[in-house]
Amino acid sequence: MKKWNLLIDVAKCFNCNCCALACHDEYHGNSFPGYAAEMSKHGQRWIDIHQRETGQHPMVEMSYLPVMCNHCDNPPCLKVAKNGAVVKRPDGIVLIVPEKARGQREIVDACPYYAVHWNEEKQLPQAWPFDAHLLDQGWTRTRGSQLCPTQAMRTLHVSDAEMQ
């Protein structure tokens, strides 16, 4: 069975934020029932870029790491969710089902990567759904990987053996 995978080449990422902007553009102002409720305009970055500075003046190097829901093989959020609020699809995508997750703050607390955000207004845990609604329509790449100017972010649909 093929699964969706996202590869990040940190050596190619230069903090352009195109992936984060694509995510915000897709999910702010839009709801996708069964996949994701609307993302808050402020206070959430479902794809965030972490920065790391090494060295000292005048020899300083910056490195960047896009961080988002890892769609874990064994998701901790799934273990704490009640009533099917979190599902792991056969293709590897983990979804927080907005219609079932309302009020379940423990889903946020379960994520060791801090990739699940609490939407206070909606009383809803939210995370990047791997653009599953687009992939289910036949897209072959996430919006972020389409817009990445250096190809630092790549979407692959391969078996576990191929991924190894």
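Data overview
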item	result
Tally of residues being open to solvent by 70 Å² or more (accessible area, probe 1.4 Å) and either of a type in the set (D, E, K, R) or touching a residue at least 40 places away in the same chain (Cβ under 8 Å) (or both) across the range 115-132	2
Pair list, Cβ < 7 Å and 6+ apart or interchain, from the range 37-55 residues that are without any contact (Cβ under 8 Å) to a residue 60 or more places away in the chain to residues that are of a type in the set (Val, Ile, Thr) and surrounded by 10 or more Cβ atoms within 10 Å (Cβ to Cβ)	48/67; 50/67
Cβ-Cβ under 9 Å pairs, at least 6 apart or on other chains, the range 8-21 side under 20 Å from residue 46 (Cβ atoms), far side acidic (Asp, Glu)	20/48
Qualifying positions in the range 133-164 - more than 18 Å from the chain's Cα centre (by Cα), touching a residue at least 12 places away in the same chain (Cβ under 8 Å) and in a loop (DSSP other than H, G, I, E, B)	149, 150
Listing of strands (runs of 3 or more DSSP E) fully contained in the range 82-129 that carry 1 or more residues being more than 16 Å from residue 71 (Cα to Cα)	117-119, 124-126
Residue match in the range 83-97 (condition: open to solvent by less than 30 Å² (accessible area, probe 1.4 Å) and over 12 Å from residue 129 (Cα atoms))	yes
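The values are calculated or read from the model by the stated rules, or taken from the named source; none is laboratory data. Everything quoted here is computed from the prediction, not taken from an experiment. Methodologically, a virtual Cβ is constructed for each residue, glycine included, from the backbone with ideal geometry; neighbour enumeration extends over all protein chains shown. What goes into the accessible areas is simple: the full protein's heavy atoms, side chains included, and nothing from ligands, DNA or RNA. Shrake-Rupley method; radii C 1.70, N 1.55, O 1.52, S 1.80 Å.
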